[in-house]
1. Using R₀ = 35 Å, calculate the FRET efficiency as 1/(1 + (r/R₀)^6) where r is the Cβ-Cβ separation of residue 104 and residue 353; round to 0.05.
2. Please find, in a Gaussian network model of the chain (springs between Cα atoms separated by less than 10 Å), the residue of 74, 312, 363 whose mean-square fluctuation is greatest.
3. Could you put 366, 377 in order, starting from the residue whose Cβ has the fewest other Cβ atoms within 10 Å?
4. Take peptides 272-280, 169-177, 86-94, 213-221 and line them up by average Cβ neighbours within 10 Å, highest first, as a rough protection proxy.
5. Specify whether the C-alpha gyration tensor of the chain places it in the rounded, prolate or oblate class, a ≥ b ≥ c being the square roots of the eigenvalues: rounded for a/c under 1.5, otherwise prolate if a/b is larger than b/c and oblate if not.
6. Compute the length gained on full extension between residue 187 and residue 344: take 0.36 nm times their separation in residues and subtract their Cα-Cα distance, giving the result in nm to one decimal.
7. At R0 = 51 Å, how high is the FRET efficiency between residue 255 and residue 366 if r is their beta carbon distance? Nearest 0.05 is fine.
8. Quick one: length gained pulling residue 53 to residue 135 fully straight, 0.36 nm per residue minus the C-alpha distance?
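Every number here is computed from the coordinates shown, using simple stated rules; none is lab data. Because the structure is a prediction, the values reported are computed rather than measured. Here the Cβ is made from the backbone with ideal geometry for all residues, glycine too, and neighbour counts use every protein chain on show.
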């Protein structure tokens, strides 16, 4: 009888003993103070134990396996004031918490923002008017080619002269003349031979990526060409060279009151033909034909004052016709290229502030009625481009 009674008492005490040995838990619900709306993704932590959980869509959470004793609970969520409290946990029991979080507007300390623009003296190469005159350069290509890391590429005696910076492609270098792009709207390349050196006041070459300021064309660098704003003495030049080259260039400038006017033009013609051996086993000479070129251009510029700043208005026209002779083994006798381009760009600058509006219209035609292989073609491409840019250099300060 005594043994049965003892066994019964042990069985009654066993569940209480097992419950006392099972760890407790911390559970509860996080809601917005005042509205009782549940807050999802609120972080609930027991920092001393290194435990963190997040509330669900109903704002509920549960941390299981917590040893008996006092534990600090910390709750946080973006946009709300934090909550912290000491909680007593008992083995085998759940400590339930109902946690209200009040909305909180975060007030920042003083924030200073500083932006910098490229410093030509530190980040690039500057060629002044005095250096241009001393070098005897004829076009912008001769001027730019003197800068370190710059290569001017020539596409034959009658082709354009484009710029490469540190081995880049010509379409990755942006060339700006008084802020207006010189790059071809289709190919992306800029023909520097179209800008006479006599019209240039300063050239700045900025190597490296400057796309954040100048756009995608400036992936490898930027060439900034500033034309002469003051009175330019009249000048004329004529020249002749190999392959039947003839060229003429002239410009004129005058000051009218507080404004300065410039105008100029150029023309160039090349026969381009020469004799060569097409087949090394056959000494018969063949004349290279359809290699002629004619190009011409004109520009006008006005510089004056407007709203306390300097206003520059520049316009230009270019035309080109040339043969596309092909390779020596597959010459083309009739392939031709025609191109016409017009540009206009008013630009205004006052201190660190500047604004620019530029536009270009271009028509290019390629034709060959009897190509050495393939079908005849006669393709015309028309492009219209408008570019606008405004910038300033300033800083701002914000605080309480």
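1. The computed FRET efficiency comes out at 0.30.
2. Judging by the Gaussian network model, the answer is 74.
3. Lowest count first: 377, 366.
4. 169-177, 213-221, 86-94, 272-280
5. Note, shape of the chain comes out prolate.
6. 54.6 nm
7. Calculated value: 0.70.
8. Between residue 53 and residue 135, full extension yields an extra 22.2 nm.
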